[in-house]
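See below for the structure under consideration.
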Amino acid sequence: MKCIFCGCEDSKVIDSRSADEGRTIRRRRECVNCGKRFTTYETIEDTPVLVVKASGARQAYDAQKVKNGIIKACEKRPVSMEKIDKAVDDITKKVYNTMDQEISSKQIGEMVMEELKSLDEVAYVRYASVYRSFTDIDSFMKELQKMMENRK
């Protein structure tokens, strides 16, 4: 870190503290050249991820929307909120770990289906029926048959 007084690029950290409810680190530094002290702040760079919908419209990723969809699929099923929250956290991590600034809603839907498959099969089928837009009983049965084959 460059000293604001003499321009020296060497400094040592004397003290570090969390600030802004843990979103920032405040560091007291001392220049090794002139000995003067100064403060720096380190924050997390929050790069928004945009979701590209089928229509081409873009909107910011919203974990709450993912959570609402999972809750709806798990309605009246023995799935705890703790498991739902963990699934949403896992999906959110995957979304941000792609390191892309844009992700398709289709990719997010596939991530949700993957999480639901391990949480509850009925919730998975419910979500799949809406997500994959099953138009008739045949498409619904094909999905069920795939699940039965994967189970063996």
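The values are calculated or read from the model by the stated rules, or taken from the named source; none is laboratory data. Given the structure is predicted, the values throughout are model-derived calculations rather than measurements. Cβ sites come from the backbone with ideal geometry, for glycine too, and all protein chains shown count toward neighbours. These area figures cover heavy atoms from the full protein model, side chains too; ligands, DNA and RNA do not enter into them. Shrake-Rupley method; radii C 1.70, N 1.55, O 1.52, S 1.80 Å.
Observations
- Only one entry in E42, E114 is in a helix (DSSP H, G or I) and either of a type outside the set (S, T, N, Q) or surrounded by 14 or more Cβ atoms within 10 Å (Cβ to Cβ) (or both), namely E114.
- In the set (1) among the aliphatic types (A, V, I, L, M); (2) open to solvent by less than 60 Å² (accessible area, probe 1.4 Å); (3) free of Cβ contacts under 8 Å to residues at least 24 places away in the same chain, M99 fails one condition alone, (2).
- Evaluated against (1) surrounded by 14 or more Cβ atoms within 10 Å (Cβ to Cβ); (2) closer than 19 Å to K53 by Cβ, F140 falls short on exactly one condition, (2).
- Selection within the range 98-111 - at pLDDT below 90 and either part of a helix (DSSP H, G or I) or hydrophobic (A, V, I, L, M, F, W, C) (or both): M99
- Among the residues listed as S55, S105, the single one being open to solvent by less than 50 Å² (accessible area, probe 1.4 Å) and over 12 Å from Y127 (Cβ atoms): S105
- Scope the range 65-76; condition in a loop (DSSP other than H, G, I, E, B) and more than 10 Å from L119 (Cα to Cα); matching residues: E75, K76
- Residue check, V66 open to solvent by less than 40 Å² (accessible area, probe 1.4 Å), on the phi < 0 side of the Ramachandran plot, at pLDDT 95 or above and under 21 Å from the mean Cα position of the chain (by Cα): yes
- Whether a residue is among the basic types (K, R) and open to solvent by 70 Å² or more (accessible area, probe 1.4 Å) was assessed, and K86 passes this test.
- Verdict on C3 being over 30 Å from Q101 (Cα atoms) and at pLDDT below 95: yes
- Residue in the range 69-81 that is of a type in the set (D, E), closer than 22 Å to D120 by Cα and more than 22 Å from the chain's Cα centre (by Cα) present: yes
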